[in-house]
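Visitor: This is the structure I want to talk about, given as structure tokens.
The values are calculated or read from the model by the stated rules, or taken from the named source; none is laboratory data. It should be emphasised that the depicted structure is a prediction, and the values quoted were computed from it without experimental measurement. Don't worry about glycine lacking a Cβ; one is built from the backbone with ideal geometry, like all the others, and counts go over all protein chains shown. When the accessible area is computed, the model is the full protein with side chains, heavy atoms only, and any ligands, DNA or RNA have been set aside. Shrake-Rupley method; radii C 1.70, N 1.55, O 1.52, S 1.80 Å.
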Protein chains: 2
Amino acid sequence: MATGRTHRPATRSRGIPEATVARLPLYLRALTALSERSVPTVSSEELAAAAGVNSAKLRKDFSYLGSYGTRGVGYDVEYLVYQISRELGLTQDWPVVIVGIGNLGAALANYGGFASRGFRVAALIDADPSMAGKPVAGIPVQHTDELEKIIQDDGVSIGVIATPAGAAQQVCDRLVAAGVTSILNFAPTVLSVPEGVDVRKVDLSIELQILAFHEQRKAGEEAAADAGVVPPAVARKQRPSTDQGPDGDVPAVMPA
Amino acid sequence: MATGRTHRPATRSRGIPEATVARLPLYLRALTALSERSVPTVSSEELAAAAGVNSAKLRKDFSYLGSYGTRGVGYDVEYLVYQISRELGLTQDWPVVIVGIGNLGAALANYGGFASRGFRVAALIDADPSMAGKPVAGIPVQHTDELEKIIQDDGVSIGVIATPAGAAQQVCDRLVAAGVTSILNFAPTVLSVPEGVDVRKVDLSIELQILAFHEQRKAGEEAAADAGVVPPAVARKQRPSTDQGPDGDVPAVMPA
DNA sequence: CCCTGTGAAGGTTTTCACAGCC
DNA sequence: GGCTGTGAAAACCTTCACAGGG
């Protein structure tokens, strides 16, 4: 699934596949770690292992960005960090508002991974008046009444919804009306947004349900295998997993 | 990307595509809402809209489960709820442990979506001795030392990791050694697990980075469109979004 | 000789469009 | 006539395998 904009016909020369975009942050994280250890270059094989992906995929992904490697050598770590950051738009500052400061909202506010990647928490917003002024992660919570003003004053284009499901659509509508065009939704609801607005969702219980499906499947297989109905399962030898990546599935995403 | 088991050759009669599995929880949520409103039947069109997916996809998805609809009428809500629950393995009880009771762990412990879907929080575990005994969401936190005992006594097969990145692999190893075979990882690290163990990950900052990518793209397009270089963007009329679904991308998944 | 970059093949997922049943 | 279920086509993504540059 794309972004709703992927459908546009013309001018798709810079078209980076959605699946590739989804992996760029993984590569970036692995590269940042290498950079911190002052590793100068890395091969597709090594980087792929660090990102939990296979190397052919990684090379194909990078080929969409351009030819940033050197044959016989590998990729220059610093250079790649820069190129991927630029491609993802992380070289600019993205002010973000978080709406709904419960446990989850607080966890998000405290999450270090944002600040280090060009995201700045511009404001924390909650509907509970008794929260107003209370600092969370060093930032004072503001009341929902201020929402429009904050977004306009700070030029916020990305909003995070961490409210209960019942409030999510209403908050979403206000965010969009005030100018937000990208929304990360943690509430377990389908949001309705106008064209041009991207929504991505993260649903904790969905991930668990998918695990349960496979878990159940495993149990069934064992039983079947024990009964000799199915070829015996491969021995479970310990070995580093490969290809641990997002992917083609549930991640929970989607366009508007 | 499949589950690592998808590759197995033989006996794939019950093979439900991974992309379909990833959407079943969405359908289930929409159906549960209809059930609560005592709606008896629903058409593929209506249910698809409620789940944020298109109707052809939904019908194809259901066709993998069997023929549970009635032509000219639609689907029986209660019956479908049951069939999907069963397929996902939610008709049985899944004890779950959450390791790492910071803001995020606490949010997860408090999250209502678990209990209502067959997941039972069997224990909360944290490495900080001063947390031990403190109740979170009504459940007393236990120390990491108890981890193996808890997992074995309760027959836990699903573990949730909400620790800092540095501790994640170690916790993962202990969970796996104690018998856990499915892991939901919130720490921003690639986990290495033996074959037969499924890992799914949720990375908050990855989702934001993907939004930033599209956000940047929009800005660039507007500029280009203003300059007449690109066909003018479609007017942004308000209209309910369709096809808001997980999907083929970053969700963050993968097999072992 | 090593490792990137990439056509081509193979697989999976989505979408179309309509036959078939109620 | 309405709506499901599904082959067939199209789009998308991954993997293979190797040409070609360092």
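Visitor: Enter the mean number of other protein chain beta carbons within 10 Å of the beta carbon of each residue in A:157-169, as an integer.
Guide: Average neighbour count from other chains, rounded to a whole number: 2.
Visitor: Separate question: Apply the Kirkwood formula to region A:94-201: the hydrodynamic radius equals the inverse of the mean of 1/r over all pairs of different alpha-carbon atoms; give it in Å with one decimal.
Guide: It works out to 13.5 Å.
Visitor: Per-residue Cβ counts within 10 Å, from other chains only, averaged over A:104-115: what number is that?
Guide: The per-residue average across the peptide is 5.
Visitor: What accessible area per residue comes out for region A:88-210, rounded to a whole number of Å², with a 1.4 Å probe? Mind dumping the intermediate values first?
Guide: Details: 4060 Å² over 123 residues.
Averaged over the residues of region A:88-210, the accessible area is 33 Å².
Visitor: Scan around A:Lys201 for amide H atoms under 5 Å from its own, H built in the peptide plane at 1.01 Å from N, and keep only partners 5 or more places away or cross-chain.
Guide: Those qualifying (amide H under 5 Å, at least 5 residues apart or on another chain) are A:Asn185, A:Val253, A:Met254.
Visitor: Quick one: label points 7 angstrom along Cα→Cβ at A:Glu46, distances to the other copies in nm, smallest first?
Guide: Counterpart label points of A:Glu46 in the remaining copies fall at 6.0 nm.
Visitor: Just to be sure I understand the model, the point goes 7 Å from the Cα along the line to the Cβ. What's the resulting A:Ala219 to B:Ala177 distance in nm?
Guide: The modelled label-to-label distance comes out at 2.6 nm.
Visitor: Can you work out the PRE-style zone for B:Glu146? Point 7 Å along Cα to Cβ, and I want the residues of region B:84-115 with backbone N under 18 Å.
Guide: Residues B:95-102, B:105-106, B:109-110 fall inside that zone.
Visitor: Additional query: When you count, for each residue, the other Cβ atoms within 10 Å and take the mean per peptide, how do A:143-151, B:96-104, B:74-82 rank with the highest first?
Guide: B:96-104, B:74-82, A:143-151
Visitor: Is there a quick way to get the dipole size of region A:94-201? I mean about its Cα centre, with the Cβ of Lys and Arg at +1 and of Asp and Glu at -1; what is the value in debye to the nearest 20?
Guide: Using Cβ point charges on Lys, Arg, Asp and Glu, region A:94-201 gives about 360 debye.
Visitor: Taking a label point 7 Å out from Cα toward Cβ, give me the nm distances from A:Gly133 to the same spot in the other copies, shortest first, one decimal.
Guide: 3.6
Visitor: A further question follows. With each label point set 7 Å from Cα along the Cα-Cβ vector, what nm distance links B:Ser38 and A:Thr91?
Guide: Placing both labels 7 Å along Cα→Cβ, they lie 6.2 nm apart.
Visitor: Counting partner chain Cβ atoms within 10 Å of every residue's Cβ in A:89-102, what's the average?
Guide: Per residue, the number of nearby Cβ atoms from other chains is 2 on average.
Visitor: If contacts are Cα pairs under 8 angstrom and at least 6 residues apart, what is the relative contact order of region A:32-180 in percent?
Guide: That works out to 20 percent.
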